[in-house]
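Every read-out reported here was derived from the displayed coordinates using simple, explicitly stated rules and does not represent laboratory data. Note that the structure is a prediction, hence the values are computed from the model and not measured. Reconstructed Cβ throughout: ideal geometry from the backbone, glycine too, with neighbour counts over all protein chains shown.
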Amino acid sequence: MSSNIDIQKFYNYEINKNRYAVIAQAEFGPQILRIATEVQELKAQGETVYDFTVGDFMPAQFRIPKFLQEKIKKAIDDGETHYPPGKGVLSLRKAVQSMYSRKFGMDFPLDSFVIASGARPLLYSLYRAVVDPGDKVIYAVPSWNNHYYVHLFSANGIAIQADRETRFLPTKEAIQPHIKDATLIVLNSPLNPSGTVFSKEALEGICDMVLEENQRRSPEQKPLYIAYDQIYWQITFGDFEHYSPVDLRPELAPFTVLIDGVSKSYAGTGLRVGWAAAPPDIAAKMVSSFGHSGCWAPRAEQVGVAEFLNNETEVVKHQKEFNNGVHARLELIYKHLNGMKDEGFPIDAIEPMGAIYLSVYFGIVGKTTKSGRVLTDNEEARKYLLERTGLAAIPFYAFGSDKIGWFRFSVGSVSIKDINEVMPKLREALNEIEF
Ligand SMILES: Cc1ncc(COP(=O)(O)O)c(C=O)c1O
């Protein structure tokens, strides 16, 4: 028998950037994943790591609803394994339509709803549908992945640096100077990475400005669209409520695409089911692009999610338990940090409002430890905390922000015990810094 051909030896060529399309020549892999990979490697080496990095859920902490799991299994048993329709399985589109009607009081036509394999392909297809190379796309930072979408579509990205004072969300005033000739404003609330939400008034201000701008444009011109990423809308706490542009200003419906799915609210990041509510013509263009990228959600999972969403009792049961679990973790970190702040440590944190994140500030960048280690920048500060305490969090720079000392804490992978264990270690590590 002849021996196999070793293909690896044919790959031993020198890498030259001209092998790639111009867009692929730049680094466009998410920074967050780089840090998360480093953390996984440490864990694999047996190190104790308190992993507050990825916006994901470890099944030991958060599971998808049992009812949903059973319905997906049943759909496979029933042979729901062939291609789904391009727009998505009808029962799921109807289930989302009726959920939006119940929860938001908004009656969208069925043609508004399209299903894809998560929120990402919906954002991607929305860009495909409305953004030409060079078009102006406005977004605020810190935020999740906007700069990568802008890069992939050769758009002219306008990144607004948002501050703690505005909950790290963009204001009408900050957007206003850029709005003329812009094609798309991308908004996200509850916000990844800050865990903050738009107040009703703040969002209304932005909505009115977009309406005014679209009234100014002629029907021949491309309008100004809003991509409203509300993937965390079901995770809000206490008095903090979720608002969407279309429920506040229904006249915005022709210009607004709502992005949503099962990834976060139902701890189903690996299920890959998302949906958008879009003007029907834009929805149709998005579906045309799914036809080529093949980013449909798996058929059996669409069927299972439809059955779950139609069972209000199961949804409410899950949401209560899940939100309580997320909130308890966020509140506990917040309480520990406030305790340290009261002791005089340079710490700030924003009260948990929504999503699975907490914004935390450590005034340690530029400081020196008692053993002489200088924490020159955000990255050095991050490494110090990781090496000294095992605490892994993501600095805001990974979300495009220029803010120094701010970190995102994500709680989908940690237990209450983990939090109670790491916080005294954090206190010790801060105590070793000369303030
Ligand atoms: C704001 C936001 N939108 C979209 C996504 C991606 O969702 P999916 O996993 O459904 O593609 C994430 C994931 O972290 C997110 O934080």
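What residue among Gly46, Gly405, Gly118 has the largest mean-square fluctuation in a Gaussian network model of the chain, using Cα springs under 10 Å?
Answer for the Gaussian network model of the chain: Gly46.
With contacts defined as alpha carbon pairs under 8 Å and 6 or more residues apart, what's the relative contact order of the chain in percent?
Relative contact order, the chain: 23 percent.
Hey, can you grab everything whose amide H is under 5 Å from the amide H of Arg373? Only 5+ residues off in sequence or another chain; H modelled, so Pro and N-termini drop out.
Amide H to amide H, under 5 Å and 5 or more residues apart or across chains, Arg373 pairs with nothing.
Which residues does a label at Tyr20 reach in the stretch 108-150, if reach means a backbone N under 15 Å from a point 7 Å past the Cα toward the Cβ?
Within reach of a label on Tyr20: 148-149.
Only sites in a loop by DSSP and with at most 12 other Cβ atoms within 10 Å count here; which GluC sites (Glu not before Pro) in the stretch 128-235 make the cut?
In loop regions of the stretch 128-235 (DSSP not H, G, I, E or B), the sparsely surrounded GluC sites (Glu not before Pro) are Glu220.
Let's test this: bin the Cα-Cα distances of the stretch 202-249 at 5 Å from zero up to the farthest pair and state each bin's percent.
Values per bin, smallest distances first: 4, 17, 24, 21, 14, 9, 6, 3, 1.
Once you have the Cα-Cα distance between Gln45 and Lys417, take 0.36 nm times their residue separation minus that, and quote the gain in nm to one decimal.
131.7 nm
Work out from phi, with θ = phi - 60° and the Karplus expression 6.51 cos²θ - 1.76 cosθ + 1.60, the ³J(HN,Hα) of each residue of the stretch 409-418, listed in order in whole Hz, and give x for Gly and Pro.
Here the 3J(HN,Hα) series is 9, 10, 10, x, 10, 10, 9, 4, 4, 4 Hz.
Taking the stretch 161-207, which trypsin sites (Lys or Arg not before Pro) meet the DSSP loop condition and have no more than 12 other C-beta atoms within 10 Å?
Lys180
Using only Cα atoms and rounding to the nearest 10 degrees, what angle (0 to 90) does helix 378-389 make with the longest principal axis of the chain?
On a 0 to 90 degree scale, this one is about 60.
Gap in Å between the Cα centre of the stretch 78-93 and the Cα centre of the stretch 1-63?
32
Quick one: if the Förster radius is 30 Å, what FRET efficiency do Phe240 and Arg216 give, using the C-beta to C-beta distance and rounding to 0.05?
In this case the efficiency is close to 0.35.
Sort 286-293, 232-239, 125-132 by packing, meaning the average of other beta carbons within 10 Å per residue, with the highest value first.
125-132, 232-239, 286-293
Could you pull out which residues in the stretch 336-370 have an amide N less than 14 Å from a spot 7 Å beyond the Cα of Glu434, following the Cα-Cβ vector?
Those under the cut-off are 366-370.
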